[in-house]
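S.K.: Mind having a look at this structure? Questions to follow.
Only the coordinates and a few stated rules stand behind these numbers; no lab work does. Predicted model, so just to flag it, every value in this text is computed and none were measured. Glycine also receives a Cβ, built like all others from the backbone with ideal geometry; neighbour counts cover every protein chain displayed.
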Amino acid sequence: MHADPLRASLDQLRSEIDELRASRERIVLAADADRRAIERELHRGVQQHLVALAVSLQLAGMQVDADPEGAKAAIEDMRRDVEQAAGEVAALAQRIHPPLLLAGLRVAVREAVASFSFPVSVDVETTAAYPPEVARTVLLCCSQLLERSGAGAPASVTVREADKDVVVEVVVNDAAPDDPGGLRDRIEALGGRLALETEPGGRTRLTASLPLSR
């Protein structure tokens, strides 16, 4: 008489365990993919600039006496290569750990949305200091969905506290209502929740809540 409810509970538990394992696997695979992407960018970008710099140094050394103007041109090429390589290194460092978070979440969110070419209204209602993993996840929620927004369409970002959670809401136009960048697994691993909804007019709303204590 009690076998069916017990079997149902066991089946549900097995299903939840399977989903947890799958979620952990997705988190590992996403982290590995990001590391491979950083490795490719280091190889194709920064490393190539450094190789070009080495060649330019060699040319400048050969030309400095016989062709001063050519040496000046080579030095100018080196300056551009150094500037571009420095910019790419800074961008990679930003991906690994956004330094703006050290200035607080409000500053980090405002600076992150400033890089987009369309208008984004920002309302960060809290100045509290959050754990690094929570602050970074909030920032990822903003950037991942905004990157998929329709060009020129206005968007909005709101960050607030509700009970013992920090809540981030991002509303954009013309973005597919699916999980951007594997955010769901990251948020759920931190004990939070993620909702993605399609609203009238083609807008997509992302709502994520993250507990401030676990």
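S.K.: To the nearest 0.05, what FRET efficiency results for Val64 and Ser115 with a Förster distance of 41 Å applied to their C-beta separation?
M.R.: So, using R0 = 41 Å, E works out to roughly 0.55.
S.K.: Nearest 5 is fine: what % of DSSP beta bridges in the stretch 100-211 come out antiparallel, could you say?
M.R.: Antiparallel: roughly 80 percent of the beta bridges in the stretch 100-211.
S.K.: Using modelled backbone amide H atoms (1.01 Å from N, in-plane), which distant-in-sequence or interchain residues come within less than 5 Å of Val120's amide H?
M.R.: Ala155
S.K.: If you don't mind, there's one more thing I want to ask. Through the Karplus equation 6.51 cos²θ - 1.76 cosθ + 1.60, θ set to phi - 60°, convert the phi angles of the stretch 47-58 into ³J(HN,Hα) values in whole Hz; use x for Gly and Pro.
M.R.: 4, 5, 5, 5, 5, 4, 5, 4, 5, 5, 4, 5
S.K.: Oh, and also: Find the eigenvalues of the gyration tensor of the Cα atoms of the stretch 100-211, then list the square roots of 5 times those eigenvalues as equivalent ellipsoid semi-axes, largest first, in whole angstrom.
M.R.: Three semi-axes, in Å: 21, 16, 12.
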